[in-house]
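Below is one structure, written out as structure tokens, with a few remarks after it.
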Amino acid sequence: LNRIELYPNMLNDHSASNYAEALQLVKAARRAECAPPRWANFDEADVCMCCHSDFTWDCTSHSEAQQALQRKNCFHCGALVCPACCKHQRAAPAMGLVFPRRICERCHLNLTDTYALPADPARHLTRQGHSPSV
């Protein structure tokens, strides 16, 4: 090696703030109350685990490489989802995620107080004085 060519992203990736964030993440992960979820492998699903659409439904290319680029893991549940289903970000300090990270639409709805879904919808309806339709 006679010379090293620097690219602009090389300096951005190795900035002091990135190192500080990485150290904070390690520290938070060691103190986490619960383990993070197991992430689904890319070969475990052919369609989005949230909307059940093909991963490349909104792309012009449907190649295997494009499929791999479009698969994202939810940091909260580990599911493989398409980019349309993981537009929200949220921190999860209990799992060691102190900075907002990508979560799927389903987790976003379950974690948002306003849209919190009951654990058992049939029981919720019965408590309200309604009987579930069979």
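Overview of results
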item: Volume of the Cα convex hull of segment 11-83, divided per residue and given in Å³; result: 122 Å³
item: Point-to-point label distance, residue 17-residue 84, nm (Cα→Cβ direction, 7 Å offset); result: 3.3 nm
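Only the coordinates and a few stated rules stand behind these numbers; no lab work does. All figures in this text were calculated on a predicted structure; none of them were measured in a lab. So basically every Cβ, Gly included, is an ideal-geometry build from the backbone, and we count neighbours across all protein chains shown.
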